[in-house]
Amino acid sequence: MIVGSSEQVKIIECPRDAWQGLPQVIPMQVKAGHLRALVAAGFRHIDAVSFVSPQHVRQMADSEAVLETFLASLPQDAEAPEIIGIVVNEKGMERALAAPGVTTLGYPYSISAYFRRANANMSRAESRKLVERLKKATQEAGRGLVVYISMAFGNPYEEPWGPEIVEDTIIWLKDVGVRTISLADTVGTATPEAVGKLYGAVKDCVAGIELGVHLHSRPEGMAEKVMAAYNAGCRRFDSALTGLGGCPFAGDELVGNIATETVVHTLSEHGIDTGLALSALKPALAQAAEIRDRYAHA
């Protein structure tokens, strides 16, 4: 197995993605407490909240209150982490820019027309215009921007797909000024070979881009996908403790986020620095498992 350079990877913990589909609403204090536990475990980058319609995602209706409570609860000497807030329209953008503690806005840009219309009711032109608006607004506000290319590894809708479409999207995003991009396996069907092949095909098409992966997977394929991405050059991984979350469109209840504990264990086994220790993750991991057990059942 090929192993790349020993430079430290960046792990983005994604409780937002883990929580948003749970049928029971998690109390605000529980969410804020878990974010605090993540900071104590050593996480410096957290995809924490989204700013979307409560009618569509009840779980995220209290994002501002969660962040305010979380920040107030941090020890005085604690450094606040990077907080990513996901937005899907201009109203969400405005909320995110006004919310306490949000340092980076995240936007899912779909290269699948069907998925884009089903999730955001936008045309390609409308979605691209929003990305341009997001870049301008975040730059003016001194915030970061990460764009997720959803359906980057293909789609189940028999729509056109290929590495050249992903590459063209990355080049367009660079032209807009976006410097952080994540390739998302939205439905979790990409094989480890496909993960490595796509990342390897597009990683050199633009310089100066931090190119990560946001992978979904069945449990038995997680470690292989992580190493495939790493060996292709990836140094940025989105993941969630216990592997909770994922996309309901996958059609497989075992498909979830890549489990953070698997990412840390797998990379550490190969001598790769993640900046996190499995022993330090235990309290937050136990808390994530408790949240999963308590709120994942209607």
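The values are calculated or read from the model by the stated rules, or taken from the named source; none is laboratory data. Since we're looking at a predicted model, the values are computed, not measured. Because the Cβ atoms are built from the backbone with ideal geometry, glycine has one as well, and the counts that use them run over all protein chains shown.
Table for the structure above
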{"item": "Lone unmet requirement of (1) at pLDDT 95 or above; (2) touching an Asp or Glu at 6+ places or on another chain (Cβ under 7 Å) for M93", "result": "(2)"}
{"item": "Segment 219-247 residues that are closer than 15 Å to D185 by Cα, paired with ones that are acidic (D, E) and part of a helix (DSSP H, G or I) (beta carbon under 8 Å, 6 or more apart)", "result": "A228/E193; D238/D17; A240/D17; G245/D17; G246/D17"}
{"item": "Identity of the residue in segment 73-93, surrounded by fewer than 23 Cβ atoms within 10 Å (Cβ to Cβ) and either polar (S, T, N, Q) or touching a residue at least 60 places away in the same chain (Cβ under 8 Å) (or both), that ends up nearest to Q55 (Cα to Cα)", "result": "N89"}
{"item": "Residue match in segment 24-37 (condition: touching a residue at least 40 places away in the same chain (Cβ under 8 Å), over 23 Å from P283 (Cβ atoms) and surrounded by fewer than 21 Cβ atoms within 10 Å (Cβ to Cβ))", "result": "yes"}
{"item": "Any hit, segment 53-72, residues being farther than 20 Å from Q20 by Cα and either surrounded by fewer than 20 Cβ atoms within 10 Å (Cβ to Cβ) or free of Cβ contacts under 8 Å to residues at least 40 places away in the same chain (or both)", "result": "yes"}
